[in-house]
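The values are calculated or read from the model by the stated rules, or taken from the named source; none is laboratory data. Worth saying up front: this structure is predicted, and the values here are computed from it rather than measured. Here the Cβ positions follow ideal geometry from the backbone for every residue, glycine too, while neighbour counts run over all protein chains shown.
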Amino acid sequence: MWTENFSLLPYNTFGIQAHCKRFVDYQSVDELRESLKQIHHSFPIDPILCVGEGSNLLFTKDFEGTVIHSSMTDYEILPYNDQHALIKAEAGLNWDKFVAICLENKLYGLENLSYIPGTVGASAVQNIGAYGVEAEQYIYRVYAIEIATGELRTFSHNELNYGYRQSIFKQAWKGQFIITHVAYKLSLQFNPQIQYGSLSKVIAESGMSEPLTAQSLRELITKIRRTKLPEPTDLGSAGSFFMNPVVTSEKFQSLQQAYPNVPHYIVADGIKVPAGWLIEQCGWKGHRQGAAGVYDKQALVLVNHGGATGADIVALSEAICRSVDEKFGIQIKPEVNFI
Ligand code: EPU
C-alpha cells in the first residue's frame, strides 16, 4: 500500500535529495481512499502532502509524513453547448500532454499554457499562467477527496478564490484535499490570445506566412519557453521562483523616472513589474552560490547546479529578496511552495 523511507528525488524538478517517511502512489480513487483510511489509523498525527511532478515545490528538509501521488492519467470529453465542451482529466496526467490532447480533440483555450511542467491536478492548485492566460479562466469544476473524511467533494470555479498563482488550495484549504480530477470548459473554436507583449512581438518578428493555427501557436510558445527556461532533466529548477510584484502607481512612477525602460503591465490592483528584471538589475543573473544559482537566461528562475540542498536555495532566495528590497524598496515573494 505504501513504500517507507522513500526518496523524493524523482518527485521534485529542483532535483533536491529529500526523503519522506512513506509514499503512496494511487491508481484509483478507491485505492486512494483505502490508503488514507489506513494511514489515518496507523499514523494519525503524521502530515500528508500531495505531489504531482513536484515542479513547484522546494523540499527544505525531509518530509516527516506521507507523500501521496496520483498515477491516474485518463480523461473524458463531455458535451456542454454548441460553443463549448468539457474535458475532465485525472490529476496525474502530465499538463503538456493534456494541452496536446485538448488540441487533438479541437478544444481550444489552453494553447498559451503549452510546455508548462507539472500535472492537471497541480494546475488547479497553482493557477498556472503564461502569455496572458491563466488556467482558472477555463477551470469549470475541481473534484477532490477530503483528507480528514475520505469524502469526494466537487467544487465549482467560484468557490476556489483564484488569483495570480493563487487558489483556496494554497490558502484556507491548504493540506485539506487531494485533487483527483479537474474539468476544463474549452471552446470549440480557436481564438488566438496573442496580445501579451513579448508574444505579439515574437509573432510579428517571425513573419509567419501561414495563418496562425492552435498547433502553430502551441509550437511557438514551446519554442519560447525552451529558450528561456531550463529543462528539468538538464538543470534542476521549479520554473519562476518568485511572483511578479504589483506596486502602486506612485511607486511605479518613481521607478520609471530612474529606469525609463522598466518593463511593466497594468493590472487591476496596480502595476506589475517583472521580478526577473528587478533581480537582473541587482546583478544576480547567472550568479552562483555553491550549487545554487540564478539561471543565466531568466533571472526569475533559481537553479540547482547539482547537489544543492533546499537550505542552499532558500539562502540564495533570501539574499535576492533582501537585495531587491534594498535597491528598489519592493518586496518580492516566492511562488514556489516551501515544504
Ligand atoms: N526580464 C528581464 N530579465 C530577466 C527576466 C525577465 O529583464 O532575467 C524582463 C523581460 O525582458 C521582459 C519581462 O521581464 O520584459 C518579463 O519577462 P518574461 O516575459 O520572460 O516573463 P516573466 O514575467 O519573467 C512570467 C511568468 C512565467 C511565464 C512568463 C510568460 C510569473 C512568476 N512568471 O514570467 O511563468 O512563463 O511570464 O508569460 O508570473 C512560471 O510560473 O513558472 C513561469 C515560468
Could you count how many residues in the range 251-267 are surrounded by fewer than 15 Cβ atoms within 10 Å (Cβ to Cβ), touching a residue at least 24 places away in the same chain (Cβ under 8 Å) and more than 23 Å from GLN195 (Cβ to Cβ)?
-> 0
Select from the range 167-193 the residues that are surrounded by fewer than 18 Cβ atoms within 10 Å (Cβ to Cβ) and within 16 Å of the ligand (Cβ to nearest atom) and write down the one among them that is farthest from GLU335 (Cα to Cα).
-> PRO192
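Which of the residues belonging to the range 297-326 are away from the ligand (no atom under 16 Å from the Cβ), closer than 22 Å to LYS228 by Cβ and either among the basic types (Lys, Arg) or touching a strand residue (DSSP E or B) at 6+ places or on another chain (Cβ under 7 Å) (or both)?
Residues of the range 297-326 that are away from the ligand (no atom under 16 Å from the Cβ), as a first pass: 305-312, 314-315, 318-319, 322, 325-326.
Narrowing the set further to residues that are closer than 22 Å to LYS228 by Cβ leaves 305-306, 308.
Hits for the range 297-326 are HIS305, ALA308.
Taking the range 268-285 on its own, how many of its residues are loosely packed, with under 13 Cβ neighbours inside 10 Å and at pLDDT 95 or above?
Taking the range 268-285 and keeping what is loosely packed, with under 13 Cβ neighbours inside 10 Å, we get 268-269, 283.
Within this subset, residues satisfying the condition of being at pLDDT 95 or above are 283.
Residues that pass the stated criteria total 1.
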Pairs where the first residue, in the range 127-151, is touching a residue at least 24 places away in the same chain (Cβ under 8 Å) and the second is in a loop (DSSP other than H, G, I, E, B) and of a type in the set (Asp, Glu), C-beta under 9 Å, 6+ apart | ILE145/GLU151
For the range 159-174, how many residues are farther than 30 Å from THR222 by Cα and in a helix (DSSP H, G or I)?
-> 1
Wholly within the range 230-311, which strands (runs of 3 or more DSSP E) include no fewer than the required count, namely at least 2 residues that are among the hydrophobic types (A, V, I, L, M, F, W, C) and closer than 23 Å to ALA122 by Cβ?
-> 301-304
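Starting from residues that are part of a strand (DSSP E or B) and crowded, with 20+ Cβ neighbours inside 10 Å, keep the ones in the range 135-154 and report whichever is farthest from the ligand (Cβ to nearest atom).
Within the range 135-154, the first condition is being part of a strand (DSSP E or B), and the residues that meet it are 139-146, 152-154.
This time we only want the ones that are crowded, with 20+ Cβ neighbours inside 10 Å, so: 139, 142-145.
Numbers: ILE139: 17, VAL142: 20, TYR143: 24, ALA144: 23, ILE145: 27 Å.
Here the residue is ILE145.
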For THR248, the lone unmet condition from (1) away from the ligand (no atom under 13 Å from the Cβ); (2) more than 22 Å from the chain's Cα centre (by Cα); (3) buried (at least 19 other Cβ atoms within 10 Å of the Cβ) is (3)
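Do the conditions hold for ALA124, that is, is it assigned to a helix (DSSP H, G or I), of a type in the set (Gly, Ala, Ser) and away from the ligand (no atom under 14 Å from the Cβ)?
Values: assigned to a helix (DSSP H, G or I): yes; of a type in the set (Gly, Ala, Ser): yes; away from the ligand (no atom under 14 Å from the Cβ): yes.
Spelling it out, ALA124 is indeed assigned to a helix (DSSP H, G or I), of a type in the set (Gly, Ala, Ser) and away from the ligand (no atom under 14 Å from the Cβ).
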